[in-house]
Amino acid sequence: MPATEPDQLTRYECNGFKFPDRDYYDRHVVFDHVVSLGTATQRERFEAVSRTLRDLLTQRWIKTAETHDRANPKQVYYLSMEFLIGRSLMNNIINLDVEQFVRDDLRSDPRQDWKEVLEQEPDAGLGNGGLGRLAACFIDSLATLQIPAIGYGLRYDYGIFRQELSNGYQVEQPDPWLTRPDPWEVSRPGESVTVPLASAFEVHAGQITVQRGKSMSLLGVPFDRPVVGYGGQTVNTLRLWQAATPDVFDFGEFSGGDFFGAVSNRVLAESITRVLYPDDSTPRGQSLRFLQEYFLVRCSLADIIARFRKRGNDWSALPDKVAVQLNDTHPAMAVPELMRILLDIAHLGWNEAWNLTTRTLAYTNHTLLPEALEKWPVGLFESLLPRHLEIIYEINRRFLDDVRAKHPGDEEKLARVSLIEESPARRVRMANLAIVGTHSTNGVAAIHTDLLRSKTVADLADLFPGRFNNKTNGVTPRRWLQLANPDLAKMLTDATGGGWVTDLPRLKGIDSLATDAGFQKKFLAAKRGAKVRFVDWIKATAGIELDPDTLFDVQIKRIHEYKRQLLNAVQCVVWYNRLRANPKLDVPPRTVLVAGKAAPAYHLAKVIIKLFTSIAGVVNTDPATRGKLRVEFLPNYSCTLAEHLIPAADVSEQISTAGYEASGTSNMKFMMNGALTVGTRDGANIEIAEEAGEENCFMFGLTAEQVLASRGWYAPYWHYENEPETGAALDLIFNNHFNPDEPGIFEPVRETLLTKGDYYMHLADLGAYVRTQEAVAALYRDTSAWAKKAIHNVARSGKFSSDRTITQYADEIWGAKPCPVE
Ligand code: 26V
């Protein structure tokens with residue numbers, strides 16, 4: 001603990017390691033940047049603080065890898081095209097448990113502005129949304145639980161685009177997050193992997209043109225980032241691959257005299273990891289994305305197998321030493337790739353190779369939307385990966401033989417389960433490949449797993465009943481409570497005696513305090529503190545001014561029809577109409593906050609953003625609503641925005657059409673931060689209501705069964721014509737009330753809600769939704785009753801820690817155990 005003599009360099013000891021002192025920080029400022037201490041910028045100070053912390057975790061990082069090499073435990077590999085990790089500095093400070101040290105020492109630099117320093121770090125936005133953020137929470141839990149694990153992903157030069165608003169419309173700007181040196185990453189060119197392709201290719205506008213008769217290779221260069229477990233005992237690795245050109249390739253061209261050819265090939269190779277695909281709704285047959293997926297799989301499996309062999313293991317031990325989790329079908333080429341390694345390199349027979357492959361791999365499904373399921377044209381495999389196609393065909397031949405034996409004569413079933421879709425074009429069904437080629441297929445919430453089994457892939461679930469299982473998602477309490485909400489975190493520690501950071505169910509300790517007036521007061525003060533902090537931050541970063549003394553009603557997620565931001569928008573108009581009709585209407589002042597990105601090619605999603613900004617433009621200036629209703633669309637939703645906003649929320653909007661949101665994870669973050677859920681019976685909302693108690697949530701709307709049962713006869717016009725408030729709200733939108741200068745721009749809203757039949761049944765749920773919001777308003781008036789429910793939510797959020805989720809994956813899918821680093 002701190003030495004207090006003022007003349008001495010402060011030193012800390014923690015976990016048996018000496019911490020560096022202020023001198024280390026000063027050295028990084030001066031020598032890394034060649035500036036004097038006094039003139040360094042806040043950015044340079046950010047890098048110096050981060051470097052100092054990296055210095056201090058380095059010994060544990062090395063020791064973790066050495067321990068794993070020596071103990072040769074079963075090792076978990078999480079393969080994901082996305083890791084939405086956000087910022088690392090504050091997270092590493094918390095997980096290393098060095099807040100005191102940073103406060104006393106690193107922050108003693110008199111010219112440093114700590115808030116500014118934190119703002120220097122760009123978000124590592126290497127993901128689209130829930131799937132990528134889940135991967136980031138999972139690696140945090142794996143390290144905290146001391147499970148030997150490596151996350152494998154891609155080091156995109158450009159992460160998810162930055163969203164700007166121009167005249168209320170989304171405009172995408174590139175996110176070059178690596179233009180400044182990233183203090184957290186370590187490149188390891190010595191561990192690069194060669195990735196051969198059967199054909200050379202060229203790239204034009206994200207599409208590749210194959211040059212037959214000429215093969216080529218890429219190089220995968222690993223960049224490692226530390227993943228610090230809470231308490232700093234285990235420091236695992238997130239290894240991100242960057243595409244480059246192998247030198248031999250360059251050299252061949254160069255000695256042939258084609259200098260420019262060699263250099264342009266370098267640019268071509270590097271384009272593989274240039275940019276994250278920002279469309280999480282429809283795979284648009286982007287052939288460059290196909291190469292990205294193969295690149296991830298090829299590099300990661302080569303690395304996994306090299307480590308496995310280096311540790312002296314026999315091939316037959318593969319499933320005992322290696323567990324590979326596929327995050328959606330994006331890395332599903334791991335099935336034919338692992339087969340290729342075992343057949344062509346290990347020279348095993350087909351049956352043994354197949355047995356080892358399926359027992360090593362496992363697959364997680366994250367969506368039921370048929371349009372989001374990946375299917376790659378057979379032609380892409382033919383030209384670039386013919387050996388993999390050959391293996392897929394052989395897997396399919398044997399699989400269909402088995403199905404035929406079990407279900408003779410059922411040609412339709414055969415066509416449904418086949419790994420190959422024959423029409424309209426021949427394509428490889430990646431979900432079928434992932435289910436057939438692994439020992440486990442899991443959904444991410446109970447209802448999602450049920451629907452997956454009974455509807456989406458029912459034939460495959462019949463064939464492999466033992467493979468299907470549920471792993472309800474979770475989120476890391478380190479980032480989403482300790483880091484994001486320090487006031488509430490402190491209160492929880494004081495009230496429970498601590499320990500909840502790694503054992504979230506301990507929050508149950510505050511359940512009985514829900515009716516304690518003193519505790520309620522403290523809770524409301526913490527909520528108000530978080531609101532003020534958010535209001536200050538959003539003012540400083542986006543110039544938006546908000547009133548912390550209003551109800552904060554928040555919907556933050558990608559813009560998708562099934563997530564029903566439109567339902568929220570129409571509801572805002574219903575309230576606007578009520579207030580216009582009766583300006584004296586007695587409702588608690590409410591601020592509706594919406595944020596989220598639209599896929600650049602998803603036209604309706606972009607119209608929905610414009611609808612919110614247009615409604616805001618009118619509602620926020622109308623005297624009838626002043627001080628009662630305010631609508632704000634916050635630009636550029638990100639991990640960092642979520643960390644600031646979620647603690648400040650009173651209401652969590654989780655209003656997807658039942659049966660379409662696989663799980664949701666922001667719903668869990670809101671719950672543990674004491675927001676009340678306004679939600680449909682979908683995804684993990686169902687489990688949230690189970691845990692919190694129905695009486696502590698606002699559940700409404702059609703169930704998944706009702707949605708399916710009413711598909712045949714549902715008529716949105718009925719609601720439009722027979723519910724006066726519904727009709728009036730829609731007419732206001734359709735009649736250009738919110739967009740007098742751009743008439744007709746909301747025609748797509750009319751089309752989707754009326755003409756095209758309202759597939760996501762917004763109008764069916766609108767009445768119930770508005771009534772639910774009335775109940776929310778009434779409860780908010782009763783501060784103590786509100787606080788009681790909010791406290792129950794926090795107290796009962798224990799299930800939704802990703803530590804619980806990962807423990808279940810480890811026990812039930814991977815058979816992996818903690819391997820403490822001594
Ligand atoms: C799909 C695609 C399609 C091709 C191009 C790029 C791309 C990128 C991402 C995706 C995945 C969409 C699936 C997804 O994010 N699902 C979400 O997963 C969360 C974590 O399990 C879950 O909480 C959300 O309910 C689910 O929508």
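Between Thr703 and Arg43, what FRET efficiency comes out of the Förster formula 1/(1 + (r/R0)^6) with R0 = 56 Å and r the beta carbon distance, rounded to 0.05?
Numbers: r = 51 Å, r/R0 = 0.92.
Step by step, r from the Cβ atoms, then E = 0.65.
Among the listed pairs Lys115/Lys539; Lys490/Lys522; Lys521/Lys788; Lys490/Lys527; Lys508/Lys789; Lys539/Lys669, which have their C-alpha atoms separated by more than 19 angstrom in this model? Don't skip to the end; give the middle numbers.
Details: Lys115/Lys539 14 Å; Lys490/Lys522 11 Å; Lys521/Lys788 10 Å; Lys490/Lys527 12 Å; Lys508/Lys789 14 Å; Lys539/Lys669 23 Å.
Where the Cα-Cα span goes over 19 Å, the pairs concerned are Lys539/Lys669.
Roughly how many nanometres apart are two label points built 7 Å out from the Cα toward the Cβ at Lys455 and Arg188?
4.4
Sticking with the crude label model, points 7 Å out along Cα→Cβ, report the distance from Asp314 to Asp462 in nm, one decimal please.
4.1
How far is the Cα center of the range 571-589 from the Cα center of the range 751-822, in Å?
Answer, in whole Å: 27.
Quick check: the distance between the Cα centres of the range 667-743 and the range 433-467, to the nearest angstrom?
Measuring centre to centre over Cα atoms gives 28 Å.
Relative contact order for the chain: what percent, with Cα pairs under 8 Å and sequence separation of 6 or more?
13
With viscosity set to 0.890 mPa s at 25 °C, what whole-number translational diffusion coefficient in µm²/s follows for the range 265-381 from Stokes-Einstein and a Kirkwood radius over Cα pairs?
On the way: Rh = 15.8 Å.
After rounding, the answer is 156 µm²/s.
Can you pull the Kirkwood radius for the range 422-490, inverse mean 1/r over Cα pairs, to one decimal in Å?
Result for the range 422-490 stands at 14.6 Å.
What translational diffusion coefficient, in µm²/s and rounded to a whole number, does the Stokes-Einstein relation yield for the chain at 20 °C and a viscosity of 1.002 mPa s, taking the hydrodynamic radius as the Kirkwood radius over Cα pairs?
Values: Rh = 28.2 Å.
For the chosen part, D equals 76 µm²/s.
For the range 69-143, state which trypsin sites (Lys or Arg not before Pro) are in a DSSP loop and have at most 13 other beta carbons lying within 10 Å of their beta carbon.
When the trypsin sites (Lys or Arg not before Pro) of the range 69-143 are filtered for loop state and at most 13 Cβ neighbours within 10 Å, Arg111 remain.
Relative to a virtual label point 7 Å from the Cα of Ala425 in the Cα→beta-carbon direction, which members of the range 259-293 show backbone nitrogen distances below 11 Å?
284-287
Determine the share of the chain's accessible area contributed by carbon and sulfur atoms, expressed in whole percent, with a 1.4 angstrom probe.
52
Counting only heavy atoms of protein chains, what accessible area per residue, in Å², does the chain have with a probe of 1.4 Å?
Ligands and nucleic acids excluded, the result is 37 Å² per residue.
I want to verify the translational diffusion coefficient of the range 709-800 in µm²/s; compute it with Stokes-Einstein, Rh as the Kirkwood radius over Cα pairs, at 4 °C and 1.567 mPa s.
Stokes-Einstein gives a translational diffusion coefficient of 81 µm²/s.
Mind listing which GluC sites (Glu not before Pro) in the range 385-488 are in a DSSP loop and have 13 or fewer other Cβ atoms within 10 Å?
Sparse-neighbourhood loop GluC sites (Glu not before Pro): Glu422.
Just to verify a number: FRET efficiency for Trp718 and Ala542, C-beta to C-beta distance, R0 = 51 Å, to 0.05?
On the way: r = 41 Å, r/R0 = 0.80.
E between Trp718 and Ala542, to the nearest 0.05, is 0.80.
Return the lysines within reach of Lys610: Cα separation strictly under 18 angstrom, same-chain partners fewer than 8 residues apart disregarded; answer none if there are no such residues.
Lys557, Lys563, Lys597
Would you list, by chain and number, the lysines whose Cα falls below 27 Å from the Cα of Lys406, excluding same-chain residues fewer than 8 positions away?
Lys375, Lys455
Rg and Dmax in Å for the range 387-452, alpha carbons only: what are they?
Cα radius of gyration and Dmax of the range 387-452 are 13.3, 38 Å respectively.
Counting only other residues whose beta carbon sits under 10 Å from that of Thr441, what net charge do I get with K and R as +1, D and E as -1?
Residues close to Thr441 contribute a combined charge of +2.
Cβ under 9 Å from Thr496's Cβ, Thr496 left aside: what net charge do those residues give with Lys, Arg +1 and Asp, Glu -1?
Charge balance in the 9 Å sphere: +1.
Compute the FRET efficiency between Lys115 and Asn167 as 1/(1 + (r/R0)^6), taking r as their Cβ-Cβ distance and R0 = 30 Å, and round to the nearest 0.05.
The formula returns an efficiency of 0.45 here.
By how many nm would the segment from Lys584 to Lys63 grow when fully extended, if each residue of separation counts as 0.36 nm and the alpha-carbon distance is taken off?
Length gained, Lys584 through Lys63: 180.9 nm.
As a test of the formula, what do you get for the chain when each DSSP H run with n ≥ 4 contributes -39,500 (n - 2.57) and the sum is divided by the residue count, at 222 nm and rounded to the nearest 500 deg cm²/dmol?
-13500 deg cm²/dmol
At 7 Å along Cα-to-Cβ for each site, give me the label-to-label distance between Asn351 and Glu742 in nm.
6.5
The values are calculated or read from the model by the stated rules, or taken from the named source; none is laboratory data. As the structure is a prediction and not an experimental result, all values here were calculated from the model. As a convention, Cβ positions derive from the backbone with ideal geometry for all residues, glycine included, and neighbour counts pool all protein chains shown. The protein model used for the area step is the full one, side chains on, heavy atoms only, and it has no ligands, DNA or RNA in it. Shrake-Rupley method; radii C 1.70, N 1.55, O 1.52, S 1.80 Å.
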